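Please read the structure below before turning to the comments.
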Amino acid sequence: MRRGEKGPEGGAVPAYPAQNNVTGEEEYRLDQPESILEGLRDFFYGCPLLEGGQIRLEYLGAEPTGYSIETQETSPVLRQYVSGDSLRQLVFVLASREAYGPEQQKAMSGSGFYEQLAGWIEEQNRLGKLPLLPEGCRPQRLEVLTCGCSTATELDTARFQIKGRLLYYKA
């Protein structure tokens with residue numbers, strides 16, 4: 001998000017200047033999040049494919065269309081350094097609840113929504129536009145681990161998800 005843009009609740013977005021990791025250009029980013037999960041949510045609010053949708057943390061509602069970022073069980077520390085710093089990972093899914101039926105099923109598969117979302121994530125990573133993390137944490141890479149797939153279907157809704165991994169240094 002850029003300075004002056006409206007946030008998910010319609011209010012002004014508090015921002016501070018930061019440098020893009022690749023281009024070195026100054027841009028305005030949201031205030032520093034309190035948790036890594038909050039940083040991911042703020043990052044995905046900048047995705048045009050999710051525009052207008054509410055993104056919850058660790059909770060996906062029963063009604064379509066909603067989104068949730070949920071952590072996955074994994075060992076967080078990949079490498080521990082003698083300085084005390086560490087290379088860590090956060091494996092997560094970005095899940096959505098969508099209307100589901102014969103017509104919606106055709107529309108979802110034809111739209112390539114999750115393929116486009118994976119492409120957007122990969123592009124942001126390539127450009128060095130990574131989530132802002134809490135103090136002491138520095139993002140290194142955001143990866144797509146699985147493309148979007150349906151994981152649960154009910155009578156008129158379905159849960160779709162894409163799995164990702166955030167690699168970061170923690171001081």
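The values are calculated or read from the model by the stated rules, or taken from the named source; none is laboratory data. In this text, all values refer to a predicted model and were calculated from it rather than measured experimentally. Cβ placement follows ideal geometry from the backbone for every residue including glycine, while neighbour counts extend to all protein chains displayed. Ligands, DNA and RNA are stripped out before the accessible areas are found, and what is left, the full protein with its side chains, is counted by its heavy atoms. Shrake-Rupley method; radii C 1.70, N 1.55, O 1.52, S 1.80 Å.
Structure notes:
- Stretched out straight at 0.36 nm per residue, the stretch from Arg165 to Leu87 would grow longer than its current Cα-Cα span by 26.8 nm.
- Were the residues from Asp31 through Gln72 laid out at 0.36 nm apart, the gain over their Cα-Cα distance would be 12.2 nm.
- Label positions at Leu145 and Gln116, each projected 7 Å from the Cα along the C-beta direction, are separated by 2.6 nm.
- In Å², nearest 10: area of Arg41 left accessible to a 1.4 Å probe: 60
- Summing charges over neighbours of Gly136, with a neighbour being any other residue whose Cβ is under 13 Å away from its Cβ, gives 0 when K and R count +1 and D and E count -1.
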